[in-house]
Every structure is written in structure tokens, then in C-alpha cells.
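Colleague: Sharing a structure with you now.
Values in this text are rule-based calculations from the coordinates and carry no lab data. In this text, all values refer to a predicted model and were calculated from it rather than measured experimentally. As a convention, Cβ positions derive from the backbone with ideal geometry for all residues, glycine included, and neighbour counts pool all protein chains shown.
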Amino acid sequence: MSQDQYAGRHVGSDERALSQMLSAIGVRSVDELIGQVVPSTIRLKKPLALPREGMSECEFAAHIREIGRKNKLYRSLIGMGYYGTASPAVILRNVFENPAWYTSYTPYQAEISQGRLEALLNFQTAVVSMTGMEVSNCSLLDEATATAEAMAMMFALRSREAVREGRNVLFVDENIFPQTLDVLLTRSEPFGIEIVSDRFDCYEFTGSEFGAIVQYPAADGEVRDYDDFAAAAHSRGVLVTAVADMLSLALLKAPGEWGADIVTGSTQRFGIPMGFGGPHAAYLATKDAFKRNMPGRIIGVSVDRLGNKALRMALQMREQHIKRERATSNICTAQALLATMAGFFAVYHGAEGIRRIALHAHSHAVVVADMLEKLGYELKTKNFFDTIEVAADAAKVREAALARRLNFFYPDEGRVRLSFDELSTLAEANAVIAAFAEAAGKKAPALKTIGGQDRLPVGVRRSSAYLTEPVFRNYRSETELMRYVKKLERRDISLVDSMISLGSCTMKLTPAVAMMPLSLSEFADIHPFVPADQAEGYRELIDALSKDLATITGMAAVSLQPNSGASGEYTGLMVIRAYYQSRGQGYRNVALIPASAHGTNPASAAMAGMRTVTVACDERGNIDVDDLKAKATQYASELCCIMVTYPSTHGVFESRIREIVDIVHDNGGQVYMDGANMNAQVGLTNPGYIGADVCHLNLHKTFAIPHGGGGPGVGPICVAAHLAEFLPGHSLAETGGRSGITAVAAAPFGSALVLPITYGYIKMLGESGLRRATEMAIVNANYLAAALKDEFGIVYTGETGRVGHEMILDLRDFRKLYGVECADIARRLMDYGFHAPTLSFPVHETLMIEPTESESLAELDRFVESLVAIKRECEQIRDGEADAEDNPVKMAPHTAQEACADTWTHPYGRERAVFPLPWIQANKFFPYVTKIDGGYGDRNLCCTCGTLYGGE
Ligand SMILES: Cc1ncc(COP(=O)(O)O)c(C=O)c1O
């Protein structure tokens, strides 16, 4: 008998359920439905050139282990932003490997997200405390992009006078990681920012600078005193960003104490595996005065309807959804899961533990440095935390180190750099010394003990306390932490509870077997800058995956570097820009963007230095082709591209897409396709076949990487042949095109550790399974549309009356008819055990529903029943059977605390409130808080957990 096939498990419904759904939709077969949904002009004529059948789960598990074995597990003391760390098993098992944590969505629906909101608040609190700043966001993509965000923030914060003076110089100290400088170069150019890189201690401000960036400790490990530098910068109206290693701040004076205005960095060494470069959470912390200019999400404390403390994302008006092309950042998906883990790491270790780990790394560096000096080596770094640089014959040291399975960093032939960390041991220190001794042709002295050596100079030493909040003291035993994690987990809805039908987000199943390689040391513990022969497994996986993604999208080449969809958008646009520049047409800078586009599209275009021109949509939600023609012609001489989402964000396959592509091409522009909706294309059509020149994919949507509560994401770009040579490169690894743009992310292959998920998804589904997944996503959406259209109305359908893989339910007259807002319906769904669909995007007062192929008919029916029941509750308000204000819909959600209280004041019953349908009792999810007052939290902004625990 053949082995169990994943393809059959990935889709939620079996043949019997399928035939029921088809008859409810009113078609005889899947083919008939697909024929009505996908325009025939863009249907692929032959199957994708992938193996037709996928591997079984057993085959994949064995196959991926075999690939993993091709990565060599050396101990990497390379540093450069990536360090060894002991990920506590209690966090790995209960968070990283736990679908309740990794399958949740960005916490827009705050009432059913209190667990991850608290975990992220802990992260922010840890960052604020370690950096000595006043506010932190709850993660950015990586250290390099976070520093680029700080640059954009400082630029946006220029005074009126500075703008008038045209201040556009950013000073960057030369002792900064090359990958950070690279990303700064990429991101600065479209803004017209000039980067001046020099030594901070020699630099004289000229009056043309708006900002300065220094690294702390510097790239070579030196800990510098930036007090005077910051004062000099401030005296010239220049803001200062410190790129700081979070762990070092346990011993070093906090940047907030020496005058930094913004602090960025990575939290990788707070328990997150190196994973060949990511994913890891970066942070950005700043002063309260600058909070409205901060990129990314900020978690804040507010109150709910009953006056209880409740968390939600604060200051949402800063986001690109609202600001669109005026936004200075396009960050959307970030690194929530990794921030959650780093936050738990701080909770588990507390101040004492973090200090111990920092001192452990420092003392190993001190002792080894002493020994190397005794061996006659010149130490380049004088004051250091964990990293030392030594003058040495790099080739000889490298040979001796590799023989001991040790990796160091070699900036040039005469220097060697090495970083110690939480994993350093006495034996390893002796091996390091032995390698240097051998290179010097001397006998190696042996160390007997290491512990507590501390050689930091007084001027840079930290004296202030950190991690003083109760949460960093109360969960130090494994039992306590395990229960704390569980307590928070129970407050959230994730895919382990029920369908999350968020339109445009594709919350599908992540195969458990594809998550398993992430925990293997052979994938988790590889430094991104190891010699190529130590990462052959990764390279094989990256090459094979890139090839498969090129096949699926019909494109010629792929870059896996961008760490989110929005980052992919930016990268794709920068590649287009480089293409035009290479042809002497750098003046082409107009991006046409349909009115229905996601906010990240105009924000990315602005960041790529483009001017956006909005193209209207018609009454069916399609791009108004006449308006497009008019604008493309009007701007023909400057036209750079169109950014089009397909199927559209209205959930419809526009039949005139080929015409749209031709209009743009005929007017000299390129076609950028936002791949957020690729789940409706795979195997049926593709961007290349439609005529796009570049697209990004969201591997965290279509290709099964879980959303992690707001990241990690992977946003590769796939490009046609003429753009391949411009794909982004990297200064420390071979990747990208011949004339590639500079890096867009810190790591050469972005979030490489999560790539086995997509790789496995494709390998296990094969061509037929991938196509089937798309077909079933469309079947499920059309089944829901058939079931709900008479109750709610569907805002947009295609010419045949069908929807694509998602649909928009029309609630625009609910306020008038029932006095109920769309957000009330979203909250009432929580009482029924469901996460709300996408709220008011892309059309105000609507719900966009995307069921995905993974949901079963039974789950779809429960969802339909719930929505219809809520509609009835609305009708009771209209008919006077329920109070206009105090009714189950407007009071939703209802907590266990309220339902069980001795007093119950509502005119409707408790059972009605919390068990509105019979089957809910068997699997009840109780929201931990009720309706949250977002405005209160914004007026009284608090982004750390100090007040959350009160006097605890
Ligand atoms: C249509 C569309 N484009 C772009 C994005 C941004 O993607 P990401 O959140 O991965 O940055 C989204 C996110 O939901 C989206 O729906």
C-alpha cells in the first residue's frame, strides 16, 4: 500500500463534501466553476513543470533530513550580528513548535489576542528597559532594515528649517556591520539622502547632516564612549541612532543614558536560533516625543467596556493603511513570533540571568584575549564586550580554526575577529587558543577555568537597573514559565481553535511535518556567513525552491532576500528602478496604483522614490481601463510601472488584465504584480503568463509559512529575464544579479530557517496538489458566497457572478438598518468562537472572507450559521425585540468573568450571550477581555508592562 499522502490531508473537504458544495454553488464540476471564475485567456495551457504527484510525509521527513545533513555543524564565532544562543526548550516546545502560537494572525482583533499582545508587550518592556529609551515597537524585520527605518524616521523628523536648508546628509560611523551599511545605501538613495561614512571621533559636523548612526559595540567589537559625539550632534540639531546589541546592554551604559535618540538592533541572541540568517526580531526604541513617527506596530495598554486593563495595537493612524504614499515606512508583517520568543527569554532569565549570560560571553572574550596577547598577537580591540579583533595571518588562523571545526570572521588577510556568546565553554576557548597558537607556530597554553572576568572600563559600564518589572521575576522555574505561556495561549484564537477567514491573508494549514526541520540543529544552528561548503544543504534547498517558485510564477529568476510582502514590493520596485537607470531612463518614476490597492503599495512606491498616480476602479471593483489608458498616456514619458494585485483585492479575476498589462507596456512601463492573492492563481495561471515583469509572493500566505501572530514573513520576488541581473546582492555572500542592487535585508537569503516549510509544501503537494489547493480555495469561497449572498450581499463578483478565492460581504447599510457597525459584528463573532474576517478593507464597512482550501465543509457551515445567527440578532434590534444599545451584538464579546458574575445587568440572558448556538458549548472560547476602548489607550499611551501588573 502507498504511504499516506499529504496532498489529501491539506484540503479540508473530501469528495462527498465537495459534491455537496458544488451543488450548493450550482455547478456540476470543479472544472465548470473554475471555467466561470478564471478568464480563459489567462488559463495555463499545460500543467506546471513540477513532479505531478507529491512526496508522502514520510518521504519528505527523510528527504529534508538528508538535505540538512549537507550543512556542516561547525561552531561559529563569526558574530557580525548573529551569535550562538541557548534557546530554552520550554520556549521552543511551547511557543516555536506550538501551532497555537505560530498560527495566529497579527492582533488586529485585540479582544481575542490578549495573549500574544501581552507577550509582545513584554518584548517592548524588555527593549525599553535594556536600551534606556521610553517607547519601543513590537519588532521589525532585522537589524539592518530597522536601522534604515531609523534613518527614514530621523529624516522625517527634520525641523522645518532643516528641510528648508535641504539637510540631507546622514553620518554613518565606518565601524558598522557591512550588511547594515548596504541596506542604508539601498534605502537612502531614493530619498535623496547622502551617506557620509567616516570615523565618529574625527568627524566634524558641517551643518548639512540631519542624523548620525553609530554601532554599539562597534563592528570590530570596540566599546566606545559616544557621550561627546551625541552632545556634539545634538548641538548641531542632528539626531543620533545607536545600533545596539541587546545582550551587551546588560553590562554597558544604556544608549538612552548617553544621549541616543533612537536605538535599533537585533534580539536574535535572546534565544532565537541563527537559522542561516533569520527570522529574528529586530527592535526600534525611541523617545516618547517621537512615537508618532515610529515605524511598525506598538502594543499599548487600554481599558475594556468593564474597565479592565486590556491590550491592543496603539496609534494605528501611523500605519501605511491610513497614510499610504505619505507613509515613511511600509512595514506591515514584522517578526511577532520571534519577538514573542525573545520576550519570553527575558522573562525566563530575568535581569540576573541576562547579566550572567552577558558576563559569560564577556569573560570568555577577556580570557582568550589575554592568552592571545601572551602568544604575541596584537589585540586591535581595547575595550570590548564579547568580540575581539586580532592582528594575525588570517589564512593560517583560518586553516587551524577549520581543523577544529571553528569559524571566525576574517575582515582581511591581516585581521581575525571572533565573538563569544552564551554557548562558549572552557574547552572551546582552549580550542580557539590552540588554533591561534598553531598559526603562530607556538605551543598552546591551556586555560583551567573561566568565570567572572570583567574588564569593562568604568566610563561605559552600566549602573542602572533593568528588567525590574514583576514579569521578569515571576516565571523563573520551568513549571511557572510553561504555565505562563499556556495562560497567555488560552487568551488567543488561532488556527487550532477555528477557521481564520481573513481576506487577503490566506490563513491556510501549515503542514506540521514541514515545521519539524526548523528544530533540527542542521538548519537552526548555521551562521549566515559560514564558508559555502558548510551550507551546501541550505544552498540546495534555496536553489530548488527558487526554481520551483520561478516555475509556479512563470518567471525567470527569484530573490528570497525580502522578509515580508511589503519588503518584496519595495525590492521589486527598486529592481525596476535599477533596470530603467541602466537604460538611461532613470527619470521614469510614476507608479500607477489602483484605488483598491493595499496601503503598502503606495508606501513602497514612495520609499522607492516614485510618484504615485491613483487609477480609479469601476462599479464592479475592477480597474477602470479608460482611466488607466488616460493616465498611462498622460504620464507615458515618466511611466515606471503599475502595481496590480491579481485577483484584485476585491476578490475578482479581472477579465481585462491582459489589456491592462498591454496598456502599461505600450506606454513604456513595467508591470508589478502584488502576489498577496497568489492562492487563487497557483497551477491555473501565473504572473509571467499574464505578462507581469515582477511579482512578490507571500510565502506566509500562499505557501504555508504560518503567520506567527504578525510574522515571520518571507516575500521573495520573482522577475522576468530582463530584470534578473538587478536582483539584490549582499556584501558578505554570493547572491543576486550581475548588476544587482545593494542588499534589502541583513541576511543574504532573508529568513532562511523557515524556507523548508514552503519547500516541503511544494514537494508534498506536487503539481496536482498545488492546482487542487487553488481549485478548492475557489470552491470554498464560492460555497460561502452562495450561502451568504442573500443574507448580506456580495460587494463585487466577476462577470459570471462568481467570486475568486475570497469575497467581500456587504455590511454598508447595517448602521442605517440596525444601528450596528461592522466592527460590532466582528466582535460578536468572537462569542461564536471565530476570528473576524478582514474588516473594512478594501471597502469600508465590509467583511472580506477568505476561507482557504484547508477548511472543511463542516467548519464552513459553522461559520455560515454563526454569521446568519448574528444577522438575526441585528434584525431583533431593528424590530425592537432587542435593546438598541444593550444587545448581544453591541456588547460583544462576553467574557467568562461577566457571564459568571453574581450580577448580570443586560436585558438578554447569559446563555444567549455566551452560547448563542448549541454546538458552541462543546468547544467554547472565552475572550479574556470585552470591547476595548482604543481611543483611551491612545490618549493615555503606555507601551510597557509596568502598569499592566499594577502593584503585583
Ligand atoms: C494585497 C496585499 N499587499 C501587500 C500586503 C503586505 O504584505 P506583508 O504584510 O507581508 O508585508 C498585504 C498584507 O496583508 C496584502 O494583503
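Colleague: Percent of alpha carbon pairs in the range 797-925 separated by more than 27 Å?
Modeller: When all Cα pairs of the range 797-925 are counted, 21 percent exceed 27 Å.
Colleague: Right, next: For a label point 7 Å from the Cα of D412 along Cα→C-beta, name the residues of the range 183-200 whose backbone N is under 19 Å from it.
Modeller: From the range 183-200, the list is 197-200.
Colleague: Would you list F210, F409 from fewest to most Cβ contacts within 10 Å?
Modeller: Result, fewest neighbours first: F409, F210.
Colleague: Return the calculated 222 nm mean residue ellipticity for the chain, to the nearest 500 deg cm²/dmol, obtained by summing -39500 (n - 2.57) across DSSP H runs with n ≥ 4 and dividing by the residue count.
Modeller: It lands at -11000 deg cm²/dmol.
Colleague: Let me ask you something else. Could you tell me which residue out of T797, G766, L817 lies farthest along the dipole of the range 760-817 toward its positive end? Charges go on the beta carbon: Lys and Arg +1, Asp and Glu -1, centred on the Cα centre.
Modeller: G766
Colleague: Taking N as the number of residues in the range 631-755, what is its alpha-carbon radius of gyration divided by 2.2 N^0.38 Å?
Modeller: For the range 631-755, the normalised Cα radius of gyration comes out at 1.16.
Colleague: Quick check: pseudo-label points 7 Å beyond the Cα along Cα→Cβ at D543 and N383, how many nm apart are they?
Modeller: Taking the two extended label points, one gets 4.8 nm.
Colleague: As an exercise, use a Förster radius of 45 Å and the Cβ-Cβ distance of D886 and E161 to find the FRET efficiency, rounded to the nearest 0.05.
Modeller: The calculated FRET efficiency here is 0.25.
Colleague: With a ≥ b ≥ c taken as the square roots of the eigenvalues of the C-alpha gyration tensor of the range 420-488, please select rounded if a/c is under 1.5 and otherwise prolate if a/b is larger than b/c or oblate if it is not?
Modeller: oblate
Colleague: 7 Å from Cα along Cα→Cβ at both A901 and S739: what's the point-to-point distance in nm?
Modeller: So the two model labels end up 6.8 nm from each other.
Colleague: Per 0.36 nm of contour for each residue apart, how much would the distance between E134 and E257 grow if the chain were fully extended, relative to their Cα-Cα spacing?
Modeller: 43.1 nm
Colleague: What whole number of Å gives the distance from the Cα centroid of the range 29-83 to the Cα centroid of the range 749-784?
Modeller: 8 Å
Colleague: Taking amide hydrogens as modeled 1.01 Å from N in the peptide plane, which residues meet the under 5 Å criterion relative to I213, leaving out close sequence neighbours?
Modeller: Excluding prolines and chain starts, which carry no amide H, the hits are F171, V172, D173, T241.
Colleague: What translational diffusion coefficient, to the nearest whole µm²/s, does the range 589-692 have by Stokes-Einstein, given a Kirkwood radius computed over alpha-carbon pairs, a temperature of 10 °C and 1.306 mPa s viscosity?
Modeller: 118 µm²/s
Colleague: Moving on. With a Förster radius of 25 Å, plug the Cβ-Cβ distance of I322 and D618 into 1/(1 + (r/R0)^6) and report the FRET value to the nearest 0.05.
Modeller: It comes to 0.50.
Colleague: Taking other Cβ within 10 Å of each residue's Cβ, how do V347, V914, V27 sort, fewest first?
Modeller: V27, V914, V347
Colleague: Once fully extended, how much extra length lies between A49 and R815, figured as 0.36 nm per residue of separation less the alpha-carbon to alpha-carbon distance?
Modeller: Between A49 and R815, full extension yields an extra 270.7 nm.
Colleague: Sort the following peptides by mean Cβ neighbour count (other Cβ atoms within 10 Å, averaged over residues), highest first: 394-403, 508-517, 333-342.
Modeller: Highest to lowest by the protection proxy: 333-342, 508-517, 394-403.
Colleague: Could you compute Rg(Cα) / (2.2 N^0.38 Å) for the chain, with N its residue count?
Modeller: 0.93
Colleague: Given charges of +1 on the Cβ of Lys and Arg and -1 on the Cβ of Asp and Glu, with all other atoms neutral, how large is the dipole of the range 436-595 about its Cα centre, in debye to the nearest 20?
Modeller: That gives a dipole near 700 debye.
Colleague: With r as the distance between the Cβ atoms of A465 and K487 and R0 = 22 Å, compute the FRET efficiency 1/(1 + (r/R0)^6) and round to 0.05.
Modeller: 0.25
Colleague: While we're looking at this one, here's another question. Karplus couplings for the range 583-593 from phi (6.51 cos²θ - 1.76 cosθ + 1.60, θ = phi - 60°), rounded to Hz, Gly and Pro as x?
Modeller: 9, x, 10, x, 6, 6, 9, 8, 10, 7, 9
Colleague: While we're on this one: How about K629: which lysines have a C-alpha closer than 23 Å to its C-alpha, ignoring those fewer than 8 places off in the same chain?
Modeller: Answer for K629, where 23 Å is the Cα cut-off: none of the lysines qualify.
Colleague: Another question about this same structure. Kindly identify the range 1-59 as rounded, prolate or oblate by the Cα gyration tensor criterion: order the square roots of the eigenvalues as a ≥ b ≥ c, call it rounded if a/c is under 1.5, otherwise compare a/b with b/c, prolate if a/b is larger, else oblate.
Modeller: Oblate shape, in that a/c is at least 1.5 and b/c is the bigger or equal ratio.
Colleague: Here is a further query. With N set to the number of residues, divide the alpha-carbon radius of gyration of the range 840-914 by 2.2 N^0.38 Å and report two decimals.
Modeller: 1.35
Colleague: What's the center-to-center distance, using Cα atoms, between the range 106-136 and the range 479-536 in Å?
Modeller: Cα centroid of the range 106-136 versus Cα centroid of the range 479-536: 19 Å apart.
Colleague: Tell me, how many Å apart are the Cα centres for the range 343-396 and for the range 433-449?
Modeller: 17 Å
Colleague: Okay, next question. Describe numerically, in nm with one decimal, the distance between label points set 7 Å from Cα along Cα→Cβ at A89 and at R69.
Modeller: It is 2.4 nm.
Colleague: Taking the dipole about the Cα centre of the chain, with the C-beta of Lys and Arg at +1 and of Asp and Glu at -1, give me whichever of G221, A692, M678 is farthest to the positive side.
Modeller: Result: G221.
Colleague: Neighbouring Cβ atoms within 10 Å as the yardstick, rank S596, S235 fewest first.
Modeller: Ascending Cβ contact count within 10 Å gives the list S235, S596.
Colleague: Given H placed on each backbone N at 1.01 Å, which residues far from R312 in sequence or on other chains put an amide H within less than 5 Å of it?
Modeller: Amide H neighbours of R312: G300, S302.
Colleague: If you stretched the chain out fully between V868 and E204, how much longer would it get, using 0.36 nm times the residue separation minus the C-alpha to C-alpha distance?
Modeller: Roughly 232.2 nm would be gained on extension.
Colleague: If you take every DSSP beta bridge whose two residues both sit in the chain, what share of them, in percent to the nearest 5, is antiparallel?
Modeller: Looking only at bridges with both residues in the chain, the antiparallel portion is about 55 percent.
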